[in-house]
2 protein chains.
Amino acid sequence: MRSALATDSDLLNAIEDRGYRITSTRRVIAGAIEESPDGFTAEQICGRVPGVGRATVYRAIKLFHEVEVICKMALPDGAPRYAVDTGGRHHHHTICTGCGAVQDFRASTIERVLKAIEADVDGQITGHRMEIYVTCQTCLASAD
Amino acid sequence: MRSALATDSDLLNAIEDRGYRITSTRRVIAGAIEESPDGFTAEQICGRVPGVGRATVYRAIKLFHEVEVICKMALPDGAPRYAVDTGGRHHHHTICTGCGAVQDFRASTIERVLKAIEADVDGQITGHRMEIYVTCQTCLASAD
DNA sequence: ATATTACTGAGACAAAGTATCGTCAATCGC
DNA sequence: GCGATTGACGATACTTTGTCTCAGTAATAT
């Protein structure tokens, strides 16, 4: 039922659970983010929340990232791109280099391989990053 | 014997092979880069080549990257780091989050997994990026 | 209702590059 | 070897993606 929750936004709930305040500004920013099913850039969000300071948008994005409800990744040229991360469990992403669309992608194989690699690596693994670049179906179709 | 080559620098040879000019400035920059076995940042190179313009250093790094003799990667916070890429064949890197040391790392397993993944992905894979973050032996030892 | 603390907006600052532009040097053609 | 051509250079301005500071404001605690 979840009737006792202040909001039905996963983003807002996540920060509230960690003791951060839910403010009207954060509501607006979370709304703009949740309207972006294919990922977004920070500046896109800035553009969609007129009246909200740029610093505040970046602070909110950082906060959502900190509580792991949004994920930050990078295009081949290093340009950052964000996406909502509802699933929770660790996973990776495919990013379309044409339109920037981000999709989740969970491959248990990769996790196993990474574990196996640990033995070959000189030092102790503390984390990893992985992005798979694709041309999505839509971009493939429109390229015909 | 390679006696006919203008230089014994892999970096300079690589750009010469692609038709770019070898200049005294590029010699100096290549020298500074090749003195960095554990990777480097662009600004570190700028600091080591006094008298050479910052833009020129960035242009040279970009050029070396273009001809694939240096590799660009990212620390967990996105800070860029470069490393010489002598091997040639595709591989990945481990990066020590303590000191930034970069090591090559070739896992055929990963390549196989990525191939297998292609079937699961919605769209056509065009590339990927992967970094493994570690605490290197030196940093582990000095943390005791 | 008030005090405390966190949040906000504006704007300056920072890091990592890129673009422009006039000057200079490396290579090409002879 | 010498001049013409093209590419490279340095300085500097600008761009992108953030972060920091600071004074003012809103949200929670008592």
Chain A: relative contact order in percent, alpha carbon pairs under 8 Å with at least 6 residues between: 19
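Tell me the mean residue ellipticity at 222 nm calculated for chain A from its helices only (DSSP H runs of n ≥ 4, each -39500 (n - 2.57), averaged over every residue, nearest 500).
For chain A, the value works out to -11000 deg cm²/dmol.
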Cysteines without a disulfide-compatible partner [chain A; Cβ-Cβ under 4.7 Å]: A:46, A:71, A:99, A:139
Whole-Hz ³J(HN,Hα) from phi, Karplus 6.51 cos²θ - 1.76 cosθ + 1.60, for the range B:67-82, glycine and proline x: 8, 6, 9, 10, 10, 10, 9, 9, 6, x, 7, x, 4, x, 8, 10
Test item: Cα-centred dipole of chain A, Lys/Arg +1 and Asp/Glu -1 on Cβ, debye: 500
Packing rank of A:104-115, B:53-64, B:16-27, where each peptide gets the mean count of other beta carbons within 10 Å, highest leading: B:53-64, A:104-115, B:16-27
Shape of the range B:56-144, Cα gyration tensor, a/c cut at 1.5: oblate
Pseudo-label separations to other copies for residue A:78 - Cα-to-Cβ vector, 7 Å, nm: 1.2
Residue-span extension gain [residue B:8 to residue B:135] - 0.36 nm each, minus C-alpha spacing: 42.4 nm
The range B:1-135 shape via C-alpha gyration tensor axes, a/c threshold 1.5: prolate
Shortest-first distances to equivalent copies, position residue A:138, nm, label 7 Å out along Cβ: 4.7
Teacher prompt: residue A:113 distances to equivalent labels in other copies, 7 Å Cα→Cβ, nm: 0.5
All lysines inside 19 Å of residue B:62 as judged from Cα atoms, apart from same-chain residues fewer than 8 positions distant: B:72
Geometric extent, Cα atoms of the protein assembly as shown - Rg, Dmax (angstrom): 22.0, 79
Proxy reagent accessibility, fewest Cβ within 10 Å first, across B:90, A:65: B:90, A:65
The range A:138-144 - phi-based ³J(HN,Hα) in whole Hz, Karplus 6.51/-1.76/1.60, Gly and Pro as x: 4, 5, 4, 5, 6, 7, 5
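Only the coordinates and a few stated rules stand behind these numbers; no lab work does. Please read all numbers here as calculations on a predicted model, not as lab measurements. As a convention, Cβ positions derive from the backbone with ideal geometry for all residues, glycine included, and neighbour counts pool all protein chains shown.
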